[in-house]
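First comes the structure, then the notes that go with it.
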Amino acid sequence: MAKLKIDGEVYEFEDGITLIQACELAGIEIPRFCYHERLSIAGNCRMCLVEVVGLPKPMASCALSVNDLRPPPEAELPEVRTNTELVKKAREGVMEFLLINHPLDCPICDQGGECDLQDQAMAYGFEGSRFHENKRAVEDKHIGPLIKTIMTRCIHCTRCVRFMTEVAGVPELGAIGRGEDMEITTYLEAALSSELQGNVIDLCPVGALTSKPYAYKARPWELTKTESIDVMDALGSNIRVDSRGPEVMRILPRNHDAVNEEWISDKTRFVWDGLMRRRLDQPYVRRAGELVPASWQEALATVAERLEASDGARIGAIAGDLAGAEEMFALKELMTALGSANLDCRQDGARLDPRFGRESYLFNATIAGIEEADAILIVGANPRLEAPVLNARIRKRHCRGGLRVGLIGEQVDLTYLYEYLGAGPETLRSAADGVAFVNAMRHARIERPLLILGQGALARPDGAAVLALAARLAVEHGFIRDDLGWNGFSVLHTAAGRVAGLDLGFVPGEGGRDVAGMAEAAREGALDLVYLLGADECDLAPFAESDCFVVYQGSHGDRGAEAADVILPGAAYTEKSATYVNTEGRAQLTERAVFPPGEAREDWAIIRALSGELGQPLPFDTLQGLRALMYKAAPALGAIDVVEPAGSAGIKALAAESAAQMEALAGRAAPFRSTVDDFYLTNPIARASRVMAELSALRTGGGQTLSTGTDG
């Protein structure tokens, strides 16, 4: 521990922290532009100058460790002063230099009202300027459809450069020139290709990098700010939804160290324009082959009539990837009351089964636990596309050193080096039997190995066998260390609603059919009605082309709505309070930022109204009443923002079944493929977004490359 005196008070700090961090812990604000706690130290803005007693000039507190200070000859402790006249004049001088070339754009700048330069100029600036030379001008750069550049405003803090290199792992930004001629630009004038590039907008302390889709749309003080949860992937990133009236204007990250730190993916940040397009804002009923508008009473009566005319065994329900826990619970209760066991929340056909316990389908090591891992084996996943923020966490651990990464599946660029072991089940079987990578872990005395099992390995006909084989590998090769409290068997989900669906048991009951079984039953005329709760990602052709009656409840006019006979307009994730459980089993709540458009309603309320129309009303009338029953059925959903260890008994039970499953793998040479083909178009909201469509076109047809030179 290091002791020092700050502004006359004695403090004790942990060894190795910087002086600016020490001052923050002491409750003293130090201005800064280039410093950021999640990036490397640059020390180039000089705004954080403080006086160190005994030294002849002010020092940059971001680049000085508490252990670097020595007490002056006449004192026992090093002393730092942050409020002297010397410090005041130094900061005023730095601010004066920063503003020499900065344009007076505040009235038209999108950063206005939340600009670090604006705020610190008011707090620490000088009342005038002694420079009367012409200001320099810098040509704006085109770096893609997401980030608007006005580089004359740039103060060369290099936060954006360090983020792209260190966190995103795609070093496409850099500085050219020196002194007054220095410019931040992309290499070869190319557009950025990282899935995390939008985070440089938050990092930029001035208005040099702003959101291009949000440009000139609103001022921050006009917006209503709602804390919520992202559903674009299964990470559960904490976000803030900024809205004005009925429209979501932008989405920003919230800090949560255990989940997303303070980063979000570009899909999370820029998908907001899809929330207003292609919306279902009133019920529809198909007549004479065409969908026509109808009243709620008429639509519900039509569905109820069909349900009453059908036997429970001839009714099915499929929950989509964006469905919240509340509506899945309500729909399951309704289907159970109707005598149907045909339920499934696994649109992609993933062979995950809740009968083996939560540990068989959770990311048991936790997202934050990635930083403790000393070896990672990725099977059938592409975390860069399936969970970009989680991939950045793996890169963060990799950059720290001492981490060995192996990959079984598609050979792609993950932004960090890895050992490519093979493409499919045969390689996984070899790994379970002890290949070089696994044996090397033992010789290196790896204590916390991590197995990341992706949906690309599970959403296959032999997915159950792959799951059992992966469990065997985890049990036999030390991925589960009960003595250390470490469970490295981790399933990476891609659907925000999947874990909650498995927790609720939204899977086929005894004698029930899964998605593929319901599709086959529809072809054979053995299924009278299928209820699609936002289900757009499965093959809907068997239902649309048969006599099966299709009910679609969702927010957007996407694939499910095209196949529907009745459409019940629901709410998007920004328009309801709903529970989502992320890939590690952490239950979190979204909050309503705006109201659903037109006649659309919250999803649980629609199902409750339908049950009343059937004469079998569900036993709740309010959201609170529903949640009370849901928490009894699945207590884990009531532990908000808590990850409870799930144990390892289910994984060991799965491992014991691996021998019986080996026949399913025999002769199957099909390689593992990620379930995410197009990162930007994975759900109805994203497919309704013009920004996502532009990014998808740029990725697939614009000639942009994803290679960063780190392909292993």
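The values are calculated or read from the model by the stated rules, or taken from the named source; none is laboratory data. None of the values given here were measured: they were computed from a predicted structure. Glycine gets a Cβ as well: all are built from the backbone with ideal geometry, and neighbour counts include every protein chain shown. Heavy atoms of the whole protein, side chains included, go into the accessibility calculation; ligands, DNA and RNA do not. Shrake-Rupley method; radii C 1.70, N 1.55, O 1.52, S 1.80 Å.
Keeping to the range 217-252, report how many residues are under 24 Å from ALA587 (Cα atoms) and of a type in the set (Ser, Thr, Tyr).
Residues that pass the stated criteria total 3.
Do you know which residues across the range 493-543 are of a type in the set (Lys, Arg), out of contact with any Lys or Arg (no Cβ under 9 Å at 6 or more places or on another chain) and part of a helix (DSSP H, G or I)?
ARG523
Of the residues that sit in the range 295-322 and are touching a residue at least 40 places away in the same chain (Cβ under 8 Å), open to solvent by 10 Å² or more (accessible area, probe 1.4 Å) and outside any helix (DSSP H, G or I), which one is nearest to LEU540 (Cα to Cα)?
Per the criteria, the residue is ASP321.
Consider only pairs whose beta carbons are under 6 Å apart and that are at least six residues apart or on different chains; among these, list those whose first residue lies in the range 396-421 and is within 22 Å of ARG673 (Cα to Cα) and whose second residue is aromatic (Phe, Trp, Tyr) and open to solvent by 30 Å² or more (accessible area, probe 1.4 Å).
The qualifying pairs are LEU407/TYR420; GLN411/TYR420.
Taking the range 237-282 as the search range and keeping residues that are charged (D, E, K, R) and under 12 Å from the mean Cα position of the chain (by Cα), which one is surrounded by the fewest Cβ atoms within 10 Å (Cβ to Cβ)?
Looking at residues that are charged (D, E, K, R) and under 12 Å from the mean Cα position of the chain (by Cα), I get ARG254.
Residues of the range 88-131 being touching a Gly at 6+ places or on another chain (Cβ under 8 Å), in a loop (DSSP other than H, G, I, E, B) and open to solvent by less than 40 Å² (accessible area, probe 1.4 Å), which ones?
ASP105, CYS109, ASP110, GLN111, GLY112, CYS115
Which one is most open to solvent (accessible area, probe 1.4 Å), of the residues in the range 323-349 that are under 19 Å from ARG627 (Cβ atoms) and acidic (Asp, Glu)?
GLU333
Could you give every pair whose Cβ atoms fall below 8 Å, whose first residue belongs to the range 452-468 and is under 17 Å from VAL499 (Cα atoms) and open to solvent by 10 Å² or more (accessible area, probe 1.4 Å), and whose second residue is in a loop (DSSP other than H, G, I, E, B) and among the polar types (S, T, N, Q), counting only separations of at least 6 or pairs across chains?
Final answer for the pair search is ALA459/THR675.
For the range 350-374: of the residues being more than 19 Å from ALA655 (Cβ to Cβ), small (Gly, Ala, Ser) and open to solvent by less than 10 Å² (accessible area, probe 1.4 Å), which is nearest to the chain's Cα centre (by Cα)?
Ranking the candidates gives GLY369 first.
Determine if the range 553-564 includes at least one residue that is of a type in the set (Gly, Ala, Ser), open to solvent by less than 20 Å² (accessible area, probe 1.4 Å) and part of a strand (DSSP E or B).
yes
Give the range 634-659 a look and list any residue that's open to solvent by 70 Å² or more (accessible area, probe 1.4 Å) and farther than 29 Å from ASP257 by Cβ, or say none.
ALA649, LYS652, ALA656, ALA659
List every residue pair whose Cβ atoms lie under 8 Å apart, where the two residues are 6 or more positions apart in sequence or sit on different chains, the first residue falls within the range 615-631 and is in contact (Cβ under 8 Å) with a residue 24 or more places away in the chain and more than 20 Å from ALA587 (Cα to Cα), and the second residue, located anywhere, is open to solvent by less than 70 Å² (accessible area, probe 1.4 Å) and outside any helix (DSSP H, G or I).
GLN616/LEU338
Could you go through the range 199-212 and let me know if any residue there is assigned to a strand (DSSP E or B), at pLDDT 95 or above, closer than 30 Å to VAL551 by Cα and of a type in the set (Gly, Ala, Ser). Don't jump to the end; show me each part of the working.
Our first condition is that a residue be assigned to a strand (DSSP E or B); within the range 199-212, this holds for 209-211.
Right, trim to at pLDDT 95 or above and you get 209-211.
Within this subset, residues satisfying the condition of being closer than 30 Å to VAL551 by Cα are none.
Scanning the range 199-212 turns up no residue that is assigned to a strand (DSSP E or B), at pLDDT 95 or above, closer than 30 Å to VAL551 by Cα and of a type in the set (Gly, Ala, Ser).
GLY501 - would you say it is modelled with pLDDT under 95 and either among the β-branched types (Val, Ile, Thr) or within 28 Å of the chain's Cα centre (by Cα) (or both)? Walk me through it before giving the result.
Details: modelled with pLDDT under 95: no; either among the β-branched types (Val, Ile, Thr) or within 28 Å of the chain's Cα centre (by Cα) (or both): yes.
No; evaluated as a whole, the condition is false for this residue.
Mind listing whichever residues of the range 132-188 are part of a loop (DSSP other than H, G, I, E, B) and of a type in the set (A, V, I, L, M)?
If the condition is that a residue be part of a loop (DSSP other than H, G, I, E, B) and of a type in the set (A, V, I, L, M), then ALA137, VAL138, ILE143, LEU146, ILE150, ILE155, ALA168, VAL170, MET182 are the ones that fit.
Of all residues being more than 22 Å from the chain's Cα centre (by Cα) and either at pLDDT 95 or above or charged (D, E, K, R) (or both) in the range 376-404, which is least open to solvent (accessible area, probe 1.4 Å)? Just the residue, please.
ARG404
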